[in-house]
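Below: one structure, written as structure tokens.
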Amino acid sequence: MNVHAAPRDGLSARLAQRLFPTWLDGALSLCTLAIVIWLAWSFGRWAFTQADWRVIGESLRFLMAGGLDRAQIWRAWAASYLFLALVGLSLARLFDGRGWHWALGAALVLLSAESMLRLALDTPLALPLLLFAALLLGWAGARLVTARWLVLAWVAGTIVMWQILIPGTGRAVGGLLLGTLVTVVAALGSFPLGVLLALGRTSRLPGVRMVCSGYIELVRSLPLISILFWAWMVVPLVLPADIRINDVVRGTAGFVLFYAAYVAEYVRGGLQGIPAGQWGASWSLGMTTAQTLRHVILPQAIRTVLPGLVGNVLDIFNNVPLLFIIGLTEFVRAGQVVLSNPQHSDQLYEVYVFMFAVYLLIAMVLSWSARVVEQKGRAASA
């Protein structure tokens, strides 16, 4: 009898091959599993028996929307309707309008999120139901929308959300709502600027190449905090006294200018991976340089570096807390303000665990979306 016979196919066989290939690996796997179980048990016991989560319920409105008062809270709801409709539209396009189980899972997650938002914004049940309907409407509308129109929808929707939230609220808007808005605007704004910088850096014109290369290297050598501080302190000094720019606008502009340099490097790497023969083949078909870039070169380059671009969006969201430098109360800063209240000063772990869970959920969704997009890109290019 052969004791070393190959195990049969199945989940248990795959787990055995990966976790217990040798006795040493098996011992390490068991020790790691024991530590994970102990940590999970300790956290669960604290979360369900010792933690006081009332601080989250009492401060949820401030954590989600900042200092918006009741007269302005409609702005948060209007922006949330539009944002969830765009999310539903994007999810449906991601799965080509199929996969009802993915739609149901995404709807349940977002329904729980909007229920928390309803509690935070202190509104009747009809509003979150409309919010949920906006998500499903976006999902259904994806069958009528192409990828190009989806991009235009995000651009137009972001402009509308910005006009709803920023001009009428000043510095009052904050919390997770502000972080999400800045992330979306910075991601959409830095992409076209980064593409232009990448094309300029690979240009045959020495002046254009020198300016673009100098900008990219200068910005990448500076920390983001210095760019934000410059946008906050220096910009008002060079403008006339009667021109005042909103702090949110200045902070978002700093993010756009900073991350455009990183987008440019991603796109430049994708451009260098395109075979030179594709330029000649396009020209032989009578295509101009602009047509070649638009229809042949750039789509392939962007598809190649798409996971890195999605990771760039996640990096933007993770760095949004730096907006506290210019006095804005984003999500993390809102949590610190809550803890500065003497009534909640001893709920440090509860507040930070809640913020960690929110950041983890958003990071998981973005990472999962990047993997799905990468798989679809590989299938399209195969």
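Since every read-out is calculated from the coordinates, none of them should be taken as a lab result. Model, not experiment: these values are computed from the prediction. Don't worry about glycine lacking a Cβ; one is built from the backbone with ideal geometry, like all the others, and counts go over all protein chains shown.
Which of the residues that make up segment 21-79 are among the charged types (D, E, K, R) and assigned to a helix (DSSP H, G or I)?
D25, R45, R54, E58, R61, R75
Just checking: which of the helices (runs of 4 or more DSSP H) contained wholly in segment 291-382 hold 2 or more residues that are among the hydroxyl-bearing types (S, T, Y)?
The helices (runs of 4 or more DSSP H) meeting that bar are 348-381.
Return the only residue of G270, G280 being part of a helix (DSSP H, G or I) and closer than 22 Å to I316 by Cβ.
G270
Can you name the residue in segment 188-210 that is β-branched (V, I, T) and under 18 Å from G270 (Cβ atoms) and is also nearest to the chain's Cα centre (by Cα) among such residues?
Ranking the candidates gives V195 first.
Identify the residue in segment 263-310 that is of a type in the set (G, A, S) and surrounded by 16 or more Cβ atoms within 10 Å (Cβ to Cβ) and, among all such residues, is nearest to V184 (Cα to Cα).
My answer is G308.
Got at least one residue in segment 221-234 being farther than 28 Å from R268 by Cβ and loosely packed, with under 15 Cβ neighbours inside 10 Å?
Looking through segment 221-234, at least one residue is farther than 28 Å from R268 by Cβ and loosely packed, with under 15 Cβ neighbours inside 10 Å.
Please work out which residue is farthest from P342 (Cα to Cα), limiting yourself to segment 17-30 and to residues that are of a type in the set (A, V, I, L, M, F, W, C) and surrounded by 11 or more Cβ atoms within 10 Å (Cβ to Cβ).
This residue is F20.
Residues in segment 31-53 that are over 17 Å from E350 (Cα atoms) and surrounded by 11 or more Cβ atoms within 10 Å (Cβ to Cβ): how many?
Looking only at that region, the number is 2.
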